[in-house]
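**Student:** Pasting a structure here, questions to come.
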Amino acid sequence: MSRMTVNGRPVQFAMDPDTPLLWALRDAANLTGTKYGCGVGDCGACTVMVDGQALRSCLISIAEAEGRFITTIEGLSRDRSHPVQQAMVAEQAIQCGFCTPGIVMSAAALLQANAAPSEDEIKAAIANLCRCGVYPRLVRAIQRAGRVMRREETIGAAPAPGISEQDAARAVPAMRAPPAAADN
């Protein structure tokens, strides 16, 4: 039985110790924000933080994760208020969204270690593949998240999940429905 802390909660997996952490998170813990992309650590879709370091969860077994602290996209912020999540939305650095959780986790780990990374440091740390090609916006988003973490900037954010459509429309003007056409 492999024991670890996932998103601040102690968990134990009664699975083969060689099971990749990715599958334990997705199948046993139902944390499906961590995505399966390639299974060989190339794409980064499965990136989680292990003891604060961005790691590909398809490459680490649950035996290797024993006793460690795992943070998934679900544990980063329950209300999407983490600066990286907010900056990704503000900079429109999300397209299809499949790679987004892994990119966000890589960026969060980078900014946790260095809240003012250079463009080259960002490019080196975020080796995730994005087939939609958001890379220029991604660099801007991570730089912006760093400024937020350093308290140099704030982001007028999208509403938190669970907000009603009416409250969302009041909070984010772009979400307002166009006025209904008058009946003739």
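Here, each number is a calculation from the coordinates, and none is a lab measurement. The structure displayed is predicted, hence computed values, not measured ones. Every residue, glycine as well, gets a Cβ built from its backbone with ideal geometry; the counts of neighbours run over all protein chains shown.
**Student:** Would you look at the GNM of the chain, springs on alpha carbons closer than 10 Å, and say which of ALA127, ALA65, ALA109 moves the most?
**Tutor:** Of ALA127, ALA65, ALA109, the most mobile in the Gaussian network model is ALA127.
**Student:** List SER57, SER106, SER81 from most exposed to least, where exposure is judged by having the fewest other Cβ atoms within 10 Å.
**Tutor:** Sorted ascending by nearby Cβ count, the order is SER81, SER106, SER57.
**Student:** Considering only DSSP states other than H, G, I, E and B, which trypsin sites (Lys or Arg not before Pro) in the range 47-121 qualify as loop sites with at most 15 other Cβ atoms within 10 Å?
**Tutor:** Counting only loop positions with at most 15 other Cβ atoms within 10 Å, the trypsin sites (Lys or Arg not before Pro) in the range 47-121 are ARG78.
**Student:** Going toward the positive end of the dipole of the range 79-139, with +1 on Lys and Arg Cβ and -1 on Asp and Glu Cβ, which of ILE122, ALA108, CYS96 do you reach last?
**Tutor:** CYS96
**Student:** What's the extension gain from ASN114 to ARG9 if we count 0.36 nm per residue and subtract their Cα-Cα distance?
**Tutor:** Length gained, ASN114 through ARG9: 35.2 nm.
**Student:** Also, I was wondering about something else. Using a simple charge model, +1 on the beta-carbon of Lys and Arg, -1 on the beta-carbon of Asp and Glu, nothing else, what dipole does the chain show about its Cα centre, in debye to the nearest 20?
**Tutor:** Here the chain has a charge dipole of around 320 debye.
**Student:** Run the dipole for the range 58-148 about the Cα centre, Lys and Arg Cβ at +1, Asp and Glu Cβ at -1, nothing else charged, and hand back the magnitude in debye, nearest 20.
**Tutor:** Charge dipole of the range 58-148: 300 debye, to the nearest 20.
**Student:** Work out the FRET efficiency for ASP27 and GLN92 from their Cβ-Cβ distance, taking R0 = 25 Å, and round it to the nearest 0.05.
**Tutor:** With a Förster radius of 25 Å, E is 0.15.
**Student:** Now a separate question. Suppose every Lys and Arg Cβ carries +1 and every Asp and Glu Cβ carries -1, with no other charges. What dipole size does the range 2-76 come out with about its Cα centre, to the nearest 20 debye?
**Tutor:** Value, rounded to 20: 200 debye.
**Student:** While we're on this one: Which order results if SER77, SER118, SER61 are arranged by neighbouring Cβ count within 10 Å, fewest first?
**Tutor:** On the way: SER77 16, SER118 10, SER61 19.
Going from sparsest to densest Cβ surroundings: SER118, SER77, SER61.
**Student:** Rank these for me by crowding, ILE126, ILE62, going from fewest to most other beta carbons within 10 Å.
**Tutor:** Final ranking by Cβ density, sparse to dense: ILE126, ILE62.
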